[in-house]
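What follows is a set of notes on a single structure, which appears directly below.
The values are calculated or read from the model by the stated rules, or taken from the named source; none is laboratory data. Owing to the predicted nature of the structure, the values given are computational and were not obtained by experimental measurement. Note that we place each Cβ from the backbone using ideal geometry, even for glycine, and neighbour counts take in every protein chain shown. For accessibility, only protein heavy atoms count, side chains too; no ligands or nucleic acids. Shrake-Rupley method; radii C 1.70, N 1.55, O 1.52, S 1.80 Å.
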Amino acid sequence: MRLANMKKFVSLSAITLALTASVAHAATVNVYSARKEALIKPVLEQFTEKTGIEVRLLTGGGDALLARLRNEGENSPADLFLTVDAGNLHRAAEAGIFQPITDTEVLNKVPANLHGADKLWIGLSLRARPLFYAKDRVDPSVLSGYEDLAAERWDNNVCIRSSDNIYNQSLTAALIEHWGAEKTEAWAEGLVGNLAKPPVGGDRDQIKAVAAGVCDIAVANTYYLGLMEASNDADEREAASKVAIFWPNQDSFGTHVNVSGIGLTKHAKNTQEAQRLIAFLLSEEAQRWYAATNNEYPAVSGVEWSERLQAWGEFKMDSIEMRYLGENNAAAVKLMNRAGWR
């Protein structure tokens, strides 16, 4: 090989090696998410556009991802675990997969009651779980709170999903904290006695049951109503138009809310990038996207609600510490089983 060609070859090789090294060390962050891809990927793409940090996303069921994280141990590529419901976040924390979030600026963005114990996770968005009633059959002035679900006047007139649903477990866990176990169990027994149908189906099914006249009141997360109002399915939009939201317990502890949240994994390899992503998800831009796209309430105080959330009206939220929803979960499940809530 001639000297000139040799030099050219060496030069090209050096460039190739440099580019390879650059790609190998490109900034990345790995996220395991129990949220559906369509509900998280767009905002992650915004983060990449702004920072140049690539987000590698793995989505799946919350329980399956948690099992995977436990099995992978220190070999896990995951830097962040994102899931819904404080009960699920508590399970992840109990499994030892998180390390504390230490960025005080991030922690200060979100009210302390929306932090996990020992700051092992932080809430990203809020999902309210109020009562829904039939507009043409129920005078909302007769409603007051979650207590109504067990009242005699609603015999054979309540719809709610099963007790194995984490949303209902967390609601019951919150009531245990507010009312104590004895009163909550009596409430659960009364609720079961008032069921208009077996507690099957999802939250949308309960709203549809009210619209169809199967029951007069139901319990569901508000974002499901938002999905129905914006649905391409005319039947879903019609069902949504027949119900209204009642914000329970406004004179006491407030309407039950839960969170979607995120935690830094114990064996994270890209901690700086991961913390930058958490900060971005708590930025006003991302918080407003959550509200507009997912019909969830911002976890960061002062962020403007979307038009749909504003149309549903302001309400007093329960300010219970989210950690109690996890800590009381086992007691809630046992209580619900004793009450015959299947």
Val138 vs (1) aliphatic (A, V, I, L, M); (2) outside any helix (DSSP H, G or I); (3) over 16 Å from Leu277 (Cα atoms); (4) under 22 Å from the mean Cα position of the chain (by Cα): all pass except (4)
Taking region 49-84 and the residues there that are open to solvent by 60 Å² or more (accessible area, probe 1.4 Å) and assigned to a strand (DSSP E or B), the one that is farthest from Ala26 (Cα to Cα) would be Arg56
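Being at pLDDT 95 or above, within 24 Å of Leu89 (Cα to Cα) and among the hydrophobic types (A, V, I, L, M, F, W, C) is true for just one of Ala220, Ala239. Which residue is that?
Details: Ala239 fails: within 24 Å of Leu89 (Cα to Cα).
Every option except Ala220 fails the conditions.
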Those residues of region 226-251 which are open to solvent by less than 60 Å² (accessible area, probe 1.4 Å), touching a residue at least 24 places away in the same chain (Cβ under 8 Å) and part of a loop (DSSP other than H, G, I, E, B) amount to Trp247, Pro248, Asn249
Residues of region 101-126 being over 22 Å from Trp289 (Cβ atoms) and in a helix (DSSP H, G or I), in sequence order, are Thr104, Ala112, Asn113, Ala117, Asp118, Lys119
Among the residues of region 194-207, is there at least one that is among the small types (Gly, Ala, Ser) and in contact with a Ser or Thr (Cβ under 8 Å, 6 or more places away or on another chain)? no
When Ala93 is run through (1) open to solvent by 20 Å² or more (accessible area, probe 1.4 Å); (2) more than 19 Å from Glu72 (Cα to Cα), the failure sits at (2)
| said: Can you say whether Tyr223 is aromatic (Phe, Trp, Tyr) and open to solvent by less than 10 Å² (accessible area, probe 1.4 Å), as far as the supplied structure shows? | reply: no
Scanning region 159-189 for residues that are of a type in the set (D, E, K, R) and in contact with a helix residue (DSSP H, G or I) (Cβ under 9 Å, 6 or more places away or on another chain), the one nearest to Asp205 (Cα to Cα) turns out to be Arg161
Quick count over region 167-186, residues being in contact (Cβ under 8 Å) with a residue 24 or more places away in the chain, open to solvent by 10 Å² or more (accessible area, probe 1.4 Å) and out of contact with any strand residue (DSSP E or B) (no Cβ under 8 Å at 6 or more places or on another chain), is 7
